[in-house]
There are 2 protein chains.
Amino acid sequence: MSGRHVGSQSILLERPPLILQTASAGGLLEQQGPLGKALDIALSDEMNHENSWEKAECQMVLSTIRRVIQKSGLDTAQVQYILAGDLMNQITATGFAMRDISIPFFGVYGACSTMGESLQLAAILVSGGFADYALAEASSHFCAAEKQFRQPLAYGGQRPLYATRTVTGSGAVILGHEGKGRAKITGITTGRVVDFGIKDANNMGASMAPAAAHTISQHLRDFETVPSEYDRIFTGDLGQYGLQLAQELIERDGFQLEDRLSDCGLIVYDRESQDVHAGGSGCGCSAITLSNYIIPALEEGKFRKVLFVPTGALLSPLSTQQGESIPGIAHALVLEAV
Amino acid sequence: MSGRHVGSQSILLERPPLILQTASAGGLLEQQGPLGKALDIALSDEMNHENSWEKAECQMVLSTIRRVIQKSGLDTAQVQYILAGDLMNQITATGFAMRDISIPFFGVYGACSTMGESLQLAAILVSGGFADYALAEASSHFCAAEKQFRQPLAYGGQRPLYATRTVTGSGAVILGHEGKGRAKITGITTGRVVDFGIKDANNMGASMAPAAAHTISQHLRDFETVPSEYDRIFTGDLGQYGLQLAQELIERDGFQLEDRLSDCGLIVYDRESQDVHAGGSGCGCSAITLSNYIIPALEEGKFRKVLFVPTGALLSPLSTQQGESIPGIAHALVLEAV
């Protein structure tokens, strides 16, 4: 058997898929951030040589996928599945990019948790022997997301200080069993939808914190382990205030986190020198941090074992207009040094 | 090993998951159609006791999932995963329904191919031993979809005769290995994105036909088989004219279809007596036809083996406004009598 269900929401991957290669792309602000130098693709500007932000994101997705395949040394035909998604309505940034890539495609939507969802499903495909190689990807674009979810940028609206900034960026990962792994995936905990009733569409951190806390606590219970087993636990994009809330909720569940909980939104930007309010967010936030920070740290021996927990807020502008609160979800993956 | 990759896009499921139970819901027009009597849940009207079409769809998703679990005789906690999606921006009909169901959730977006995508991933989870039971679901709502993709209904716009009508309906399937199966899934072919350059957002049939043809021809090549091996090949929602196009394209690939190719959009409605133009469409179209027609026919011995091929058009209103053509995708599953 290639995997075993443990506890109520988790799988222990008995044939851990290797993370063979990663690639990332980022916009101008991301290039200036702490992970900017490690970007594989640096966008010239938010338009990325296209005539709309949406097409810019689509091209970014395409370039990132092509780059990770190229870096892996595989032929495109060897990659048997792509699992990917983004924040655009009908995930068009991803769907349209797939026109130029002839690989079977599973489109996923997990809002900003997409890198967690696509990576879990890719791990299942590879670990189960259904694919030799599978590619997981996720992307977001600041301008396209603001226009769609909040206000047109030209309107010049002020975002509150507790708001996060959607990352313009993407990350792609190739999983397989053959070859030199940069890290491996040994376990996964798939999230449930959790809604604590937050209705402020600028307050993504607070909306997602309960889901992050639920998944992390459930992960620890399912694997009968404790936070100190992990060098670090990375939530996806809670930002400064959401992270504090998640920390409090997990500790209320009886787990001592000490200083182990971090958030990709506080790694991808430098809040001291960059005007990003509470931190970074969007699918690209955890995707870039995974590719440019977490995997390299596992590879260099800085970390031995981490929990990677992309977080998503499953709202739409219409659901907010209809008075609905914001459901959150978070998916956890155990990443270990090879 | 639980599955074996065959050809370039397919998996032979060596431990075929059983379809243990199905359930379906439908609106008024669907109740009057040929499959109406077999609906598990008949909506009172398009509002489904809610105050918006979107909330009506969300409640329909919730009821259908609860009903299939109840019919299966399982406890909710035994169902380890839900894979589901819909047509709404950010798949909110599904995401919001998940607030009331505490089961780990993978949100998928494949437009009207969603029932194929969710069912393939559920089959992989169960066949690979990652889950004892997994639930796949898909839904669509005529009013919510028209409002979002085309025109507000109150505008009273005329749809061209080659347009299809989005089904108000949903279907859910529970897969597992233990228990009495109503049918089984023995193979899957995951689609690539195919775009022949159609730009008319009313002409979904023509947009999706090339993807349907590509997946079906590739399936036949991957499994080294011929159409006559199947009692019937069901595309998801091409409608009358899309189906003719797909038939022509598959025959150009060298396969003799005779009268084996059918479309769920021509089964869910009676085009003679119901005002649906070219037929039915939407995620609910293939989902209801699977639950109310295909599975019962396999169970009753009317069919021995069929190919079920939900089809999706990956456009958004914004992509159309930006002058993009419409990419299509189609996912095929081999369904056999137990």
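Based on this model, can you work out whether B:GLU46 counts as under 19 Å from the mean Cα position of the chain (by Cα) and outside the structural domain of B:VAL309 (by TED's automatic domain parsing)?
no
Pairs, please: C-beta under 7 Å, at least 6 apart or cross-chain, first residue within 17 Å of B:SER316 (Cα to Cα) and in the range A:95-106, second small (Gly, Ala, Ser)?
Taking only residues 6 or more apart or on different chains, the pairs are A:GLY95/A:GLY107; A:PHE96/B:SER319.
Would you check if there is a residue in the range B:291-308 being farther than 19 Å from B:ILE19 by Cβ, at pLDDT 95 or above and not in a helix (DSSP H, G or I)?
Scanning the range B:291-308 turns up no residue that is farther than 19 Å from B:ILE19 by Cβ, at pLDDT 95 or above and not in a helix (DSSP H, G or I).
Within the range B:30-62, which residues are within 15 Å of B:CYS285 (Cβ to Cβ) and either within 12 Å of chain A (Cβ to nearest Cβ) or modelled with pLDDT under 95 (or both)?
Matches in the range B:30-62: B:GLU57 only.
Sort out which residues of the range A:12-29 are closer than 21 Å to A:ILE295 by Cα and either within 14 Å of another protein chain (Cβ to nearest Cβ) or outside any strand (DSSP E or B) (or both), and write them in order of number.
A:LEU12, A:LEU13, A:GLU14, A:ARG15, A:PRO16, A:PRO17, A:GLY27
Please work out which residue is farthest from A:ALA211 (Cα to Cα), limiting yourself to the range B:96-106 and to residues that are surrounded by fewer than 24 Cβ atoms within 10 Å (Cβ to Cβ) and not β-branched (Val, Ile, Thr).
The residue in question is B:ASP100.
Farther than 14 Å from A:ASP86 by Cβ, out of contact with any Phe, Trp or Tyr (no Cβ under 9 Å at 6 or more places or on another chain) and in contact (Cβ under 8 Å) with a residue 24 or more places away in the chain: which single residue out of A:ALA123, A:ALA138 fits that description? Steps first, answer last, please.
Numbers: A:ALA138 fails: farther than 14 Å from A:ASP86 by Cβ.
Selected residue: A:ALA123, the only one of A:ALA123, A:ALA138 that is farther than 14 Å from A:ASP86 by Cβ, out of contact with any Phe, Trp or Tyr (no Cβ under 9 Å at 6 or more places or on another chain) and in contact (Cβ under 8 Å) with a residue 24 or more places away in the chain.
Answer yes or no: is there a residue in the range A:31-41 that is of a type in the set (Asp, Glu), buried (at least 17 other Cβ atoms within 10 Å of the Cβ) and outside any helix (DSSP H, G or I). Spell out the reasoning first.
Step one: filter the range A:31-41 for residues of a type in the set (Asp, Glu), giving A:40.
Now drop any that are not buried (at least 17 other Cβ atoms within 10 Å of the Cβ), which leaves A:40.
Filter once more, keeping what is outside any helix (DSSP H, G or I): A:40.
Within the range A:31-41, one or more residues are of a type in the set (Asp, Glu), buried (at least 17 other Cβ atoms within 10 Å of the Cβ) and outside any helix (DSSP H, G or I).
Residue by residue, here is whether (1) more than 19 Å from the chain's Cα centre (by Cα); (2) more than 13 Å from chain A (Cβ to nearest Cβ) holds:
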site: B:GLN120; (1), (2): no, no
site: B:ILE124; (1), (2): no, no
site: B:PHE130; (1), (2): yes, no
site: B:GLU146; (1), (2): no, yes
site: B:LEU161; (1), (2): yes, yes
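Looking at B:SER273, B:SER262, which is the one that is in contact with a strand residue (DSSP E or B) (Cβ under 7 Å, 6 or more places away or on another chain), surrounded by fewer than 24 Cβ atoms within 10 Å (Cβ to Cβ) and of a type in the set (Ser, Thr, Tyr)? Give the derivation first.
Working: B:SER273 fails: in contact with a strand residue (DSSP E or B) (Cβ under 7 Å, 6 or more places away or on another chain).
When all the criteria are applied, what remains is B:SER262.
Could you give me the residue pairs with C-beta distances under 6 Å whose first residue belongs to the range B:174-193 and is in contact (Cβ under 8 Å) with a residue 12 or more places away in the chain, whose second residue is aliphatic (A, V, I, L, M) and assigned to a loop (DSSP other than H, G, I, E, B) wherever it lies, and which are 6+ apart or on separate chains?
Note: pairs meeting the criteria are B:GLY181/B:VAL338; B:LYS184/B:VAL338.
Within the range A:286-335, how many residues are crowded, with 18+ Cβ neighbours inside 10 Å and not aliphatic (A, V, I, L, M)?
Number satisfying all stated conditions: 16.
For the range A:32-84, enumerate the residues that are among the polar types (S, T, N, Q) and over 24 Å from A:ILE124 (Cα atoms).
Result: A:GLN32, A:SER44, A:ASN48, A:ASN51, A:SER52, A:GLN59, A:SER63.
Would you call B:ARG99 more than 10 Å from chain A (Cβ to nearest Cβ) and among the basic types (Lys, Arg)? So that I can check it myself, show each step before the final result.
Working: more than 10 Å from chain A (Cβ to nearest Cβ): no; among the basic types (Lys, Arg): yes.
In short, no.
If we scan the range A:59-81, do we find a residue that is without any contact (Cβ under 8 Å) to a residue 60 or more places away in the chain, within 19 Å of the chain's Cα centre (by Cα) and not in a helix (DSSP H, G or I)?
Yes, there is a match, as at least one residue in the range A:59-81 is without any contact (Cβ under 8 Å) to a residue 60 or more places away in the chain, within 19 Å of the chain's Cα centre (by Cα) and not in a helix (DSSP H, G or I).
Filter the range A:71-96 down to the residues that are more than 10 Å from every other protein chain (Cβ to nearest Cβ) and polar (S, T, N, Q), then identify the one that is farthest from B:ARG192 (Cα to Cα).
A:SER72
Out of the range B:14-34, which residues are within 22 Å of B:LEU87 (Cα to Cα) and within 17 Å of the chain's Cα centre (by Cα)?
Residues satisfying the conditions are B:THR22, B:ALA23, B:SER24, B:ALA25, B:GLY26, B:GLY27, B:GLU30.
Let me confirm something: among A:GLY328, A:GLY284, A:GLY279, which residue is within 17 Å of A:GLY171 (Cα to Cα) and assigned by TED's automatic domain parsing to the domain that holds A:SER228? Don't jump to the end; show me each part of the working.
Numbers: A:GLY328 fails: within 17 Å of A:GLY171 (Cα to Cα); A:GLY279 fails: within 17 Å of A:GLY171 (Cα to Cα).
Unique residue meeting the criteria: A:GLY284.
Any idea how many residues of the range B:327-338 are of a type in the set (A, V, I, L, M) and at the interface with another protein chain (Cβ under 10 Å from one of its Cβ atoms)? Please lay out each step first, then the result.
Pass one, the range B:327-338, residues of a type in the set (A, V, I, L, M): B:329-330, B:332-335, B:337-338.
Imposing the further condition that a residue be at the interface with another protein chain (Cβ under 10 Å from one of its Cβ atoms) reduces the set to B:329.
Counting residues in the range B:327-338 that are of a type in the set (A, V, I, L, M) and at the interface with another protein chain (Cβ under 10 Å from one of its Cβ atoms) gives 1.
The conditions are (1) part of a helix (DSSP H, G or I); (2) crowded, with 18+ Cβ neighbours inside 10 Å, and A:ASP237 fails exactly one of them. Which is it?
Of (1) part of a helix (DSSP H, G or I); (2) crowded, with 18+ Cβ neighbours inside 10 Å, only one is false for A:ASP237: (1).
Could you tell me whether B:TYR109 is surrounded by 19 or more Cβ atoms within 10 Å (Cβ to Cβ) and more than 12 Å from B:TYR81 (Cα to Cα)?
The answer is yes for B:TYR109.
The values are calculated or read from the model by the stated rules, or taken from the named source; none is laboratory data. Here the structure is a predicted model, which is why all the values come from computation and not from measurement. Reconstructed Cβ throughout: ideal geometry from the backbone, glycine too, with neighbour counts over all protein chains shown.
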